[in-house]
């Protein structure tokens, strides 16, 4: 298969490949991939993610952990004399290798030109080396280098706000974006990775920003990322939106002091799934998974950052990572580009906190997907907005991808549905029986 560049869909809500095929952004945060991994380690990681159905690998050229002064696995630094206008060919040859191997596995690289500490010196090792002039030069160089690489998606930012106290760093990011566009000789898919609890939408009116990205973050298991997605979904002009950094599996939970201490416990696969289904059924064009050991490529050779409890190799097969493909398969098994969020389906209300129920349907009413994060829970659904005389009812297990048929019902009234006793979470699928859709998650 020849990889195709990814673009924004005609209705501006989703992503598609060049031929119009729907593209679901199923991301993984491998921020230190280029900086810390050998080629053999990168191969192991990429192949694992390919097999698990991921589509986008988010990684950083100038990495967070002393990325300017600590060399990569082959002893190479990214820049000569820490000068963004003088990239080191040996270092970027390693980046090239990983980008090409990803393409051979049908994986896109969400490429961050730099982590934010190289622009905004508020925390992290930095040093801050960018200004508007050299950012544009560096961006142009990167754009030219990857102009013909169809699996590149550009992500500016790097966990930093563009404005801090009385300082405005937005001109640097805008210069970097302008340089990349000059280098690729035109428009290219681009977004911005923001600091926790915020969105890229500070740049919403900039034409270089193709889609919005949230970082719902790692504080509370029940952070309302559905409301974050809804906020940007409602903006004009319309742009796609996704949660590009939700809670990571195996990350310490700390909703109190944000010091990420393990005594409050760790995120497991359940809150990871909740964030994914909440976001996508609220209108997101995809979702990003993360594991606390993988983003930093932690092993025994490394200084641990905020208490990782396993190595990155052990983390490759954690449950939450394996569950993400079931979300991708579910939404692609129904008409994709016409899906809309619709809380009005929920006659019993959406609920708050960790019990929030998220509903979506096709714009023409041919199906509905309702994520219910609780076992043995009854929800009431107003089926009048759906189509057909009868609706097929299916329970979809987000842990296994198994679809269990539960009969059919007459459309047009408020119906009560009770999730299975096992769980904890389920997706209720209602299909217009006359449409002949296959089992959810298949096809």
Where the Cα atoms of region 56-166 are projected onto their three principal axes, how long is each span, largest first, in whole Å?
45, 27, 24
Just to be sure I understand the curve: with the Debye formula and one point per C-alpha of region 132-240, what is log10 I(q)/I(0) at q = 0.12, 0.14 Å⁻¹?
-0.44, -0.59
Calculate the translational D of region 6-332 in whole µm² s⁻¹ from Stokes-Einstein, where the hydrodynamic radius comes from the Kirkwood formula applied to all Cα pairs, the temperature is 20 °C and the viscosity 1.002 mPa s.
110
Quick one, what does Rg over Rh come out to for region 209-264 if you take C-alpha atoms and the Kirkwood Rh?
1.09
Counting only DSSP beta bridges with both residues in the chain, what percent are antiparallel, rounded to the nearest 5?
60
Quick one: plug the Kirkwood hydrodynamic radius of region 339-435 (C-alpha pairs) into Stokes-Einstein at 20 °C, 1.002 mPa s, and report D in µm²/s.
163
Quick one: angle between helix 170-184 and the longest Cα principal axis of the chain, in degrees between 0 and 90, rounded to 10, please.
90
Candidates 312, 123, 141; GNM for the chain (alpha-carbon contacts under 10 Å) flags as most fluctuating 123
Between the helical axis of 132-145 and the dominant principal axis of the chain, each derived from Cα atoms, what acute angle in degrees is found, rounded to the nearest 10?
70
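Order of 64-73, 349-358 by packing, highest average Cβ count within 10 Å first? Please list the in-between numbers first.
Values: 64-73: 18.0, 349-358: 16.4.
Ranking, from highest mean packing down: 64-73, 349-358.
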So what is the relative contact order for region 339-435, in percent, with contacts set as C-alpha pairs under 8 Å and at least six apart?
32
Among 189, 80, 26, residue whose mean-square fluctuation peaks in a GNM of the chain (springs only between Cα atoms under 10 Å):
80
Hey, what did region 90-144 get for relative contact order, percent, Cα under 8 Å, at least 6 apart?
19
Which angle between 0 and 90 degrees, to the nearest 10, do you get for helix 89-104 versus the longest principal axis of the chain when only C-alpha atoms count?
20
Structure-based [θ]222 nm, the chain - -39500 (n - 2.57) summed over DSSP H runs of at least 4, per residue, nearest 500
-7000 deg cm²/dmol
Using a 10 Å cut-off on Cβ atoms, rank the peptides 259-266, 332-339 from the highest mean neighbour count down.
332-339, 259-266
Using mean Cβ contacts within 10 Å as the protection proxy, how do 12-21, 90-99, 268-277 order, highest first?
268-277, 90-99, 12-21
Relative contact order of region 6-332, please, whole-number percent, based on alpha carbon pairs below 8 angstrom and at least 6 residues apart.
17
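Read-outs throughout are calculated quantities, based only on the coordinates presented, and are distinct from any laboratory measurement. Being a predicted model, the structure only gives us computed values, none of them experimental. When we count neighbours, we look across all protein chains shown, and the Cβ atoms used for this are built from the backbone with ideal geometry, even at glycine.
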